[in-house]
């Protein structure tokens, strides 16, 4: 007897994404629209990679209710064996 598989859609309601560089990073937050059901709002902000600004970004994420953060780093941060 074959079993039918059901793929569940993974959906995070309040998510942030980081694009990390040496001197700056960009943070993007996507949250549900406040008045239009099924729509999303997106905001992008840029921060310098200093403690004060990183804490400011973390506070922004907290205030937006972000529950998941994903990131992408430039190749400068990838350590290769033998390098």
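List of remarks:
- Förster radius 35 Å - calculated FRET efficiency between residue 52 and residue 12 (Cβ-Cβ, nearest 0.05): 0.80
- Its relative contact order, with pairs defined as Cα atoms under 8 Å and 6+ residues apart, puts segment 15-74 at 43 percent.
- Using alpha carbons only: equivalent-ellipsoid semi-axes of segment 15-74, gyration tensor based, whole Å: 23, 12, 9
- Where labels lie 7 Å past Cα in the beta-carbon direction, separation of residue 69 and residue 26 in nm: 1.8 nm
Just so you know, all these numbers are worked out from the coordinates, no wet-lab data involved. The model shown is predicted, which means the values in this text are computed figures rather than measured ones. Cβ coordinates were reconstructed from backbone atoms using ideal geometry, including for glycine residues, and neighbour counts include every protein chain displayed.
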